[in-house]
Amino acid sequence: MAGGGPITGPALSTGPAAGGEGLSQSAPVPGALVTPPTGVVTGTFWRRFTLRRPLAALIIQRLGLSVGLLFAVSLMIFGGVEALPGDFATTYLGQSATPQAVENIRKDLGLDKPLTERYLNWLGGAVKGDFGTSWASKNSVSEQIGNRLGNSLFLAFFAALVSVPLAVALGMLAVQYRNRLPDKIINVVSLAAISLPEFFVGYLLILFFAVQLGVATFPATVYDSMGFGERLSAIALPVATLVLVVLAHMMRMTRAAILNVMSSAYVETAELKGLSAFRIIAKHAAPNAVAPVINVIALNLAYLVVGVVVVEVVFVYPGMGQYMVDAVTVRDMPVVQACGLIFAAFYIFLNMAADILAILANPRLRHPR
Amino acid sequence: MSDYKNYLANQVKIGKMNRREFMGRAMAAGIALSSASTLFAASAAAQEPKRGGHLKLGLEGGSATDALDPAKALSQVLFCVGRNWGDLLVESHPLTGAAVPALAESWEPSPDAAVWTFKIRKGVQFHDGKELTIEDVVKTLQRHTDEKSESGALGVMKSIKTIENKGGDLVLTLTEGNADLPLLLSDYHLIIQPGGGYDNPNAAIGTGPYKLTSFEAGVRATFEKNPNDWNPNRGYVDSVEIINMNDATARIAALSSGQVHYINRVDPKTVALLKRAPTVEILSTAGRGHYVFIMHCDKAPFDNNDLRMALKYAMDRENMVQTILGGYGKVGNDFPINSTYALFPEGIEQRVYDPDKAAFHYKKSGHSGPVLLRTSDVAFPGAVDAAVLYQASAKKAGIEIEVKREPGDGYWSNVWNVQPFSTSYWGGRPTQDQMYSTAYLSTADWNDTKFKRPDFDKILLEARSELDETKRKEMYRTMAMMVRDEGGLILPMFNDFVNASTKQVKGYVHDIGNDMSNGYVATRVWLDA
């Protein structure tokens with residue numbers, strides 16, 4: 001997704017945890033916090049505010065930036081869809097396009113107008129919160145997205161609910177039994193799970209649990225009239241797939257971050273004090289290792305919301321990803337734009353949340369050197 | 001014809017076809033009609049439809065951008081959805097392709113076949129309780145005729161000059177005589193809607209056997225039985241659910257685990273595996289759809305008929321059917337008509353792979369250097385593989401073909417009908433006249449071989465208003481020969497429609513009209529507990 005760009009790199013993980021094995025993505029971006037970006041009102045007030053309330057300053061700054069980012073994203077999506085061969089009229093009609101029908105659709109939707117005018121028209125509506133109607137189905141975009149986004153979040157929520165505690169727990173377990181059998185088993189299994197493509201994991205689960213054993217619900221299609229229990233049963237397999245896919249990444253990051261901290265002097269002190277291994281990990285190592293872990297969790301959560309289109313297709317689950325792909329296929333610009341903005345907003349929000357949580361967990365990050 | 005008979009017999013032998021299927025297809029092909037009908041009647045009597053149950057279909061071909069308006073229906077899912085809630089004036093016979101009454105009870109042409117009078121069925125109710133009137137019919141047809149409409153039937157409706165209500169009957173006046181007019185009205189877009197659908201084209205209120213109860217584009221559609229259906233011989237189940245499944249493996253998994261009763265678009269490559277499942281039945285139906293390699297007759301180097309002939313002889317058709325269709329199809333003969341069409345011209349010699357003849361014509365054409373063929377997997381399933389196979393078979397004749405894989409996005413607007421040599425597909429049409437008029441008439445928008453022959457056009461127009469069938473058949477033979485020997489069409493194969501169901505599903509009709517029992521699958525089958 002286009003939202004990845006400048007916000008993906010955790011800007012705040014400059015603490016002692018940085019620079020260990022597997023931490024390549026937490027490249028420090030020094031000064032991101034203190035130096036106000038150009039364009040934001042500077043001066044002594046802002047500087048003092050930044051120093052006194054770093055958290056509030058950060059949030060305000062990030063919110064300002066995210067508006068700009070969303071704007072850039074919408075511009076990029078618009079340009080990207082424009083650059084694809086064929087416009088809505090020709091791709092929607094496909095082989096059955098006649099010049100007359102193409103002409104009718106173009107005129108109807110104003111596709112004959114210049115690029116900038118169309119973009120500004122759309123932007124005018126979007127600023128007011130009106131995403132317009134889908135060109136293809138003539139339904140309200142907001143209404144349809146509401147439905148699909150709800151489904152996506154439902155799936156992501158349960159996948160996160162299972163995978164995040166599991167990953168962190170397994171990571172700690174691996175550290176405790178470092179280089180012994182449990183650690184090795186956890187490592188091998190999680191590596192195997194991450195190496196298999198997600199559709200393959202999905203197919204394997206379907207084969208065993210739906211086709212051969214017949215215990216799981218398949219397809220995982222959810223719809224309005226479904227009860228909560230039915231929904232849970234429907235999403236069991238996709239959730240299991242997603243958990244297997246994201247688990248290894250988070251688990252290994254947890255393990256690496258804690259191991260990195262474990263080799264520092266204060267942990268050695270703790271060991272010399274005679275504290276139990278688990279207490280050292282939980283009390284002394286974990287808070288210092290939490291920043292990179294939170295960042296990788298945030299990335300995986302973002303993936304669970306915006307990147308699961310393959311899983312949606314395999315399990316016939318009506319989520320946002322499939323909705324956006326369908327729209328891109330026929331160049332249904334209002335839908336593509338709205339989906340793109342929502343995805344970008346998710347990335348921005350989750351990254352911001354990750355930074356804030358990292359600061360809360362480790363007060364030293366509030367006053368960067 | 002004997003080829004086809006042998007094919008049918010063979011299919012029975014190798015177990016690809018049960019007796020009922022065999023009879024249906026034998027009848028469609030006009031083989032031993034009397035004995036076929038006796039047996040057919042016997043087998044029909046043995047199969048008394050059961051009513052009730054919840055039928056679930058897992059179908060490919062829907063998307064979140066689907067709208068219910070029948071004028072704009074393009075996808076496979078919408079095609080099937082429309083069949084459930086709506087009715088046409090005229091339907092086509094599943095086995096012979098002839099026009100049969102639906103909402104029009106009967107019709108009468110003028111002697112020159114230019115004015116047609118249709119009697120509309122009485123006492124038919126829409127799902128909202130309103131009675132079907134002649135006004136609804138007139139307005140529906142008008143909506144699809146409107147130049148500003150985006151109706152997929154616009155091309156079909158162009159030849160209708162006026163649509164009138166004369167004393168309660170529908171009178172259509174055409175710009176020129178057309179003996180096939182009733183079949184034109186069997187176009188699946190032309191669903192009769194109350195008030196013509198002007199008020200709310202997406203309402204999905206019709207006269208069909210099922211009422212739409214919910215619809216979520218690209219996800220799911222549900223139906224319940226219409227208790228006031230005018231036609232008692234359809235709509236056997238209580239409720240229908242169509243689930244949109246665009247992933248081939250998901251469809252197969254859903255079918256083999258019994259979560260759905262019927263799936264469409266079974267990949268020929270995996271058919272053999274699916275067949276092993278004890279609960280599954282493969283439903284393969286001969287159709288009119290065909291996969292084509294098209295050359296523009298008016299662009300160099302394809303403006304040379306010797307080069308075109310060389311390329312036609314360089315095609316290994318048998319191999320294509322086996323490899324690309326997994327045997328689920330028939331070889332083509334370089335004209336777009338097969339024996340499922342009425343008035344099929346029999347006895348035209350089958351063109352076979354002949355590297356010597358190909359080399360001979362290639363030399364005579366004087367062409368040298370590679371011939372550029374553009375393809376993409378959106379052209380038809382396996383199109384890129386087919387192009388590579390073709391490249392290999394042509395190489396043996398000394399013809400070098402360069403295969404260029406084009407992006408699937410924009411293929412239909414940038415490559416097909418634009419570039420001089422490409423791969424494509426055709427879905428077939430209800431009549432020979434329509435097939436030729438759509439793609440082989442000089443002035444047709446979709447004349448994708450740029451076959452521009454005034455003599456051909458003349459015969460086509462004459463045949464259209466010819467009511468004498470013998471003469472008409474002779475004309476169609478002449479036209480077929482012209483396209484086969486002088487056109488830009490290489491037609492290696494007619495593809496079967498390959499679908500599958502659980503063994504619970506009974507009464508499936510192999511309709512030659514189109515895929516999924518011509519879209520009527522849910523209205524025709526019943527569930528055997």
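Each reported figure results from applying straightforward, stated rules to the coordinates on display, with no laboratory input. Just so it is clear, the structure is predicted and the values come from calculations on it, not from any experiment. Cβ placement follows ideal geometry from the backbone for every residue including glycine, while neighbour counts extend to all protein chains displayed.
Taking 0.36 nm per residue of separation and subtracting the Cα-Cα distance, what length does fully extending A:D224 through A:L109 add?
Full extension from A:D224 to A:L109 adds 38.3 nm.
R0 = 25 Å: FRET efficiency of B:E164 with B:L467, Cβ-based, nearest 0.05?
0.60
Give the cross-link partners of B:K450 among the lysines, using a straight C-alpha distance below 17 Å as the criterion and excluding same-chain residues fewer than 8 apart.
Cα-Cα hits under 17 Å: B:K299, B:K312, B:K458.
Please rank A:R178, B:R121, fewest neighbouring Cβ atoms within 10 Å first, as an exposure proxy.
Ordered from fewest to most neighbouring Cβ atoms within 10 Å, A:R178, B:R121 come out as A:R178, B:R121.
Do you know the relative contact order of the stretch A:252-337, to the nearest whole percent, from alpha carbon pairs under 8 angstrom that are 6+ apart? Please list the in-between numbers first.
Values: 47 pairs, mean separation 18.9, N = 86.
Answer for the stretch A:252-337 is 22 percent.
Per DSSP helix of 4 or more residues, -39500 (n - 2.57); summed, then divided by the residues of chain A. What does that give at 222 nm, rounded to the nearest 500?
Roughly -22000 deg cm²/dmol at 222 nm, from the helical runs in chain A.
Suppose each label sits 7 Å from its Cα in the direction of the beta carbon; what would the A:V67-B:N228 distance come out to in nanometres?
In this crude label model, A:V67 to B:N228 measures out at 5.6 nm.
Using the Cα atoms as the points, what is the convex hull volume per residue of chain B in Å³?
145 Å³
At B:S442 and A:L123, where each label point lies 7 Å from the Cα along Cα→Cβ, what is the point-to-point distance in nanometres?
Result for the modelled spin labels: 5.2 nm.
Could you calculate, for the stretch A:246-369, the ratio of the Cα radius of gyration to the Kirkwood radius, expressed as Rg to Rh?
Result: Rg/Rh = 1.17.
To the nearest 0.05, how large is the calculated FRET efficiency for B:T173 and A:I60 if R₀ is 56 Å and r is the Cβ-Cβ distance?
Once rounded, the FRET efficiency stands at 0.20.
For the protein assembly as shown, what number results from the quotient of the Cα radius of gyration and 2.2 N^0.38 Å?
1.09
What angle do you read, to the nearest 10 degrees and between 0 and 90, between the alpha-carbon axis of helix A:333-361 and the longest principal axis of chain A?
Compared with the principal axis, the helix lies near 10 degrees.
Taking a spot 7 Å from the Cα of B:D356 along the direction of its beta carbon, which residues of the stretch B:314-342 have an amide N less than 17 Å from it?
Those under the cut-off are B:314-315.
What is the stretch B:375-529 by shape, rounded, prolate or oblate, if you read a ≥ b ≥ c off the alpha carbon gyration tensor as root eigenvalues and call it rounded for a/c under 1.5, prolate for a/b larger than b/c, and oblate otherwise?
Oblate, because a/c is 1.5 or more while a/b does not exceed b/c.
Take the alpha-carbon positions of the stretch A:58-184, form their convex hull, and give its projected area averaged over all directions (one quarter of the hull surface) in nm².
One quarter of the hull surface, i.e. the mean projection, equals 13.7 nm².
For chain A, what is the convex hull volume of the alpha-carbon atoms per residue, in Å³?
Per residue, the Cα convex hull of chain A comes to 172 Å³.
On a 22 Å Cα-Cα criterion, which of the cross-link pairs B:K50/B:K225; B:K72/B:K404; B:K158/B:K473; B:K364/B:K396 come out too long?
Table pairs above 22 Å Cα-Cα are B:K72/B:K404; B:K158/B:K473.
Need one number for the stretch B:210-327: average projected area of the convex hull over its C-alpha atoms, nm².
Computed as one quarter of the Cα hull surface, the answer is 12.1 nm².
For A:D224, B:D229, A:D326, B:D485, what ranking results if the residue with the fewest other Cβ atoms within 10 Å of its Cβ goes first?
Numbers: A:D224 8, B:D229 20, A:D326 23, B:D485 15.
Arranged by neighbour count, lowest to highest, A:D224, B:D229, A:D326, B:D485 become A:D224, B:D485, B:D229, A:D326.
Kindly provide the chymotrypsin sites (Phe, Trp or Tyr not before Pro) of the stretch A:272-322 that DSSP labels as loop, not H, G, I, E or B, and whose Cβ sees at most 10 other Cβ atoms within 10 Å.
Taking the stretch A:272-322 and a limit of 10 other Cβ atoms within 10 Å, no loop chymotrypsin sites (Phe, Trp or Tyr not before Pro) are found.
Check B:E402: other-chain or 5+ apart residues with amide H under 5 Å from its amide H, H built from backbone geometry?
B:V371, B:L372, B:L373
Say R0 is 30 Å: what FRET efficiency, to the nearest 0.05, do B:K363 and B:E402 get from their beta-carbon distance?
Taking R0 as 30 Å, the efficiency between B:K363 and B:E402 is 0.95.
Does anyone have the angle between helix B:33-46 and the longest principal axis of chain B? Alpha-carbon axes, 0 to 90°, nearest 10?
40 degrees
Work out, step by step, the length gained on full extension between B:D146 and B:I348: first 0.36 nm times the residue separation, then minus their alpha carbon distance; give nm to one decimal. It would help to have the intermediate numbers written out before the result.
Working: separation 202, 0.36 × 202 = 72.72 nm, distance 4.11 nm.
That pair, B:D146 and B:I348, stretches by 68.6 nm at full extension.
Mind checking the angle between helix B:383-395 and chain B's longest principal axis? C-alpha axes, 0 to 90 degrees, to the nearest 10.
With rounding to tens, the tilt is 30 degrees.
Work through the residues other than B:R374 whose Cβ is under 11 Å from its Cβ and net out their charges, Lys, Arg +1 and Asp, Glu -1.
Details: positive: B:K404, B:R405; negative: B:E402, B:E406.
Combined, the nearby Lys, Arg, Asp and Glu give 0.
Considering the dipole of the stretch B:395-529 built from charges on the beta carbon (Lys and Arg +1, Asp and Glu -1) around the Cα centre, which of B:W426, B:V509, B:P407 is farthest to its positive end?
B:V509
So what are the ³J(HN,Hα) numbers for the stretch A:280-288, from phi and the Karplus equation (6.51, -1.76, 1.60; θ = phi - 60°), rounded to whole Hz, Gly and Pro as x?
Running phi through 6.51 cos²θ - 1.76 cosθ + 1.60 with θ = phi - 60° gives 4, 4, 5, 8, 9, 7, 4, x, 6 Hz.
Would you compute, from DSSP H runs of 4+ residues alone, the mean residue ellipticity of chain B at 222 nm, taking -39500 (n - 2.57) per run and dividing by the full residue count, rounded to the nearest 500?
After summing the helix terms and dividing by residue count, I get -9000 deg cm²/dmol.
For A:K184, give me every one of the lysines with a C-alpha distance below 26 angstrom, ignoring sequence neighbours fewer than eight places off in its own chain.
A:K283
Got a sec? Which residues in the stretch B:244-282 would a label at B:T213 touch, if it sits 7 Å along Cα→Cβ and we count backbone N under 15 Å?
none
So what's the gap between the Cα centers of the stretch B:361-439 and the stretch B:125-168, to the nearest angstrom?
38 Å
Restricting things to alpha carbons, tell me how big the stretch A:186-266 is in terms of Rg and Dmax, in Å.
Answer for the stretch A:186-266, Rg first and Dmax second: 17.3, 59 Å.
Could you work out how far apart the two model spin labels at B:T279 and A:R52 are, taking each label as a point 7 Å from the Cα in the direction of the beta carbon, and quote it in nm?
Roughly 7.0 nm, to one decimal.
Hey, quick one: spin label on A:V162, modelled 7 Å out along Cα-Cβ, who in the stretch A:311-342 has an amide N within reach, i.e. under 18 Å?
A:311-319
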